[in-house]
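Inspection log for the structure reproduced underneath, given as structure tokens.
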């Protein structure tokens, strides 16, 4: 009796659970969309690194779209040495440009740069509603992901990720700052001439490891697949480990920088010098005391998006 | 992308050069100028620098929009005190 009731319940539950799409991300069936709400070169470097990884996976720049909130006159000198010249837009045109794209099954949106408690710090700001609307405006897309590396990524959580075109949200941080750490690559990224060109930068820690994973995927959960769920777990754990490693170096320097700043202020040092030490000190303090708390939304779908 | 040595722009403090390498600040050459650089901070303030690295003024360049930005300049031989080495090839 009990057994038959349980069986009925299980059948009913199965019949009301919508089928989740499964997708294999290939070189050509996925568009990669990068958004940066920042004017600092370090966030452009996050994108240059990601594109370098995608190229090594065989993804051509035709399938990569950039929306960077930086004056083209200042942005081009960062990108052009690496041969990145295609599909570069202003974030203000995001929804319109994405609506023009065709021929893709999957879309992966990656956000770097700054975030605020009201959205991605572009001009105008990209709100959670606008970003989701822009994703769902992509024609023919079956599934995909929005990966949020910016501060306050948690304001994009609890979106309706299951209806319409289902997607996964991944946040590097919850309702607080995300972290960037100074890194040096043992092998610098090469420019289009083959010369060493980008040996290091202050990298968004979560995104750095996400693309490290994409460069050399590992099956973290042991299910026999390289999935977005593996990417999430790897990136969160590796970023946390990197931050802990950085903290060991940073904590002594904070006191020294604070003393140096006070001394420079007393001496009436130039504004550039005062701003430089204050910026450096603030970054170190953030890295010492902020815990970003990565998160994932629509976790059931993430193992079905495979690389 | 232009590679400078850490001893170039010798009067520019090492702390500023470290933020340039980190990508927090951006240092550009200026097209048509051999001895002038533009430094843009994370707060979008800009400074014109002489070849020696001193902050200077030039009436032709009143705001960011008036600067013909050339190449990005970095100092790859300048060690970072807190940088983490990571494998990537």
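Computed quantities for the displayed model
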| quantity | calculated |
| --- | --- |
| Failed item in (1) touching a strand residue (DSSP E or B) at 6+ places or on another chain (Cβ under 9 Å); (2) in contact (Cβ under 8 Å) with a residue 60 or more places away in the chain, with residue B:5 passing the rest | (1) |
| Residue A:81, sole failed condition from (1) in a helix (DSSP H, G or I); (2) crowded, with 22+ Cβ neighbours inside 10 Å | (2) |
| Residue in the stretch A:86-104 that is closer than 30 Å to residue B:37 by Cα, surrounded by 21 or more Cβ atoms within 10 Å (Cβ to Cβ) and within 14 Å of chain B (Cβ to nearest Cβ) present | no |
| Residue in the stretch A:24-33 that is touching a helix residue (DSSP H, G or I) at 6+ places or on another chain (Cβ under 8 Å), modelled with pLDDT of 95 or more, buried (at least 18 other Cβ atoms within 10 Å of the Cβ) and within 10 Å of chain B (Cβ to nearest Cβ) present | no |
| Given (1) outside any strand (DSSP E or B); (2) over 29 Å from residue B:17 (Cβ atoms); (3) more than 14 Å from chain B (Cβ to nearest Cβ), index of the condition residue A:109 fails | (1) |
| Qualifying residue in the stretch A:269-288 (condition: more than 14 Å from chain B (Cβ to nearest Cβ) and assigned to a helix (DSSP H, G or I)) | no |
| Residue among A:164, A:99 that alone is farther than 29 Å from residue B:42 by Cβ, at pLDDT below 95 and not in a strand (DSSP E or B) | A:164 |
| Top-ranked residue in the stretch A:47-78 [being in a helix (DSSP H, G or I) and within 9 Å of chain B (Cβ to nearest Cβ); ranked as farthest from residue A:215 (Cα to Cα)] | A:73 |
| Selected residue [at the interface with chain B (Cβ under 9 Å from one of its Cβ atoms) and not in a strand (DSSP E or B)] from A:206, A:212 | A:212 |
| Within the stretch B:62-89, tally of residues that are buried (at least 18 other Cβ atoms within 10 Å of the Cβ) and more than 7 Å from chain A (Cβ to nearest Cβ) | 4 |
| Residue list for the stretch B:37-59, filter: modelled with pLDDT of 95 or more and touching a strand residue (DSSP E or B) at 6+ places or on another chain (Cβ under 6 Å) | B:37, B:38, B:39, B:40, B:46, B:47, B:48, B:49, B:50, B:55, B:56 |
| All positions within the stretch A:136-161 that are under 15 Å from the mean Cα position of the chain (by Cα) and either assigned to a strand (DSSP E or B) or modelled with pLDDT under 95 (or both) | A:144, A:145, A:146, A:147, A:148 |
| Boolean, residue A:92 is in contact with a strand residue (DSSP E or B) (Cβ under 9 Å, 6 or more places away or on another chain), under 27 Å from residue A:195 (Cβ atoms), at pLDDT 95 or above and assigned to a helix (DSSP H, G or I) | no |
| Hits in the stretch A:188-198 - residues which are farther than 10 Å from residue B:74 by Cα and either in a strand (DSSP E or B) or within 8 Å of another protein chain (Cβ to nearest Cβ) (or both) | A:188, A:189, A:190, A:191, A:196 |
| Test: residue A:250 is under 18 Å from residue A:178 (Cβ atoms), within 14 Å of another protein chain (Cβ to nearest Cβ), touching a helix residue (DSSP H, G or I) at 6+ places or on another chain (Cβ under 9 Å) and modelled with pLDDT under 95 | yes |
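The values are calculated or read from the model by the stated rules, or taken from the named source; none is laboratory data. In this text, all values refer to a predicted model and were calculated from it rather than measured experimentally. Cβ: placed from backbone, ideal geometry, glycine included. Neighbour counts: every protein chain shown.
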